[in-house]
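Report on the structure given below.
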Amino acid sequence: MNLPDKSLCTGCHACYTACPAKSIAMREDEEGFRYPVIDTTTCTTCGLCEQICPVLHLGE
Ligand code: SF4
Ligand code: SF4
């Protein structure tokens, strides 16, 4: 799955909330910014995270 690069991600948690397989963890970096990390061992590649991510749909 291709969620936006950390530099573009707003940390909105929408992907985290949407994932039916609970495969997304919000990891906190050294500055306290939380960004999603997908566990590829449990991800079913359903695509919901990409569908719901507002950053991937800017301008639509
Ligand atoms: S593709 Fe589906 S299962 Fe995989 S991380 Fe995204 S929402 Fe979760
Ligand atoms: S939905 Fe998109 S912008 Fe929001 S936390 Fe997930 S990857 Fe980042």
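Considering only DSSP states other than H, G, I, E and B, which GluC sites (Glu not before Pro) in the range 1-44 qualify as loop sites with at most 10 other Cβ atoms within 10 Å? Please list the in-between numbers first.
Working: sites: E28, E30, E31; in loops: E30, E31.
Within the range 1-44, the qualifying GluC sites (Glu not before Pro) (loop, at most 10 other Cβ atoms within 10 Å) are E30, E31.
In sequence order, the range 9-25 has phi-based couplings of 4, 8, x, 6, 6, 4, 5, 4, 5, 7, 5, x, 8, 6, 9, 10, 10 Hz under the Karplus curve 6.51 cos²θ - 1.76 cosθ + 1.60, θ = phi - 60°, and Gly or Pro positions carry x.
Magnitude of the charge dipole for the range 11-60, about its Cα centre and with charges confined to Cβ atoms of Lys, Arg (+1) and Asp, Glu (-1), is about 220 debye.
Relative to the compact-globule scaling 2.2 N^0.38 Å, provide the ratio for the alpha-carbon radius of gyration of the chain. Before the final figure, lay out the partial values.
Details: Rg = 11.1 Å, N = 60, 2.2 N^0.38 = 10.4 Å.
For the chain, the normalised Cα radius of gyration is 1.06.
Values in this text are rule-based calculations from the coordinates and carry no lab data. Predicted, not measured: the structure shown is a model, and the values here were computed from it. A quick note on method: Cβ atoms are made from the backbone with ideal geometry, for glycine too, and the neighbour counts reach across all protein chains shown.
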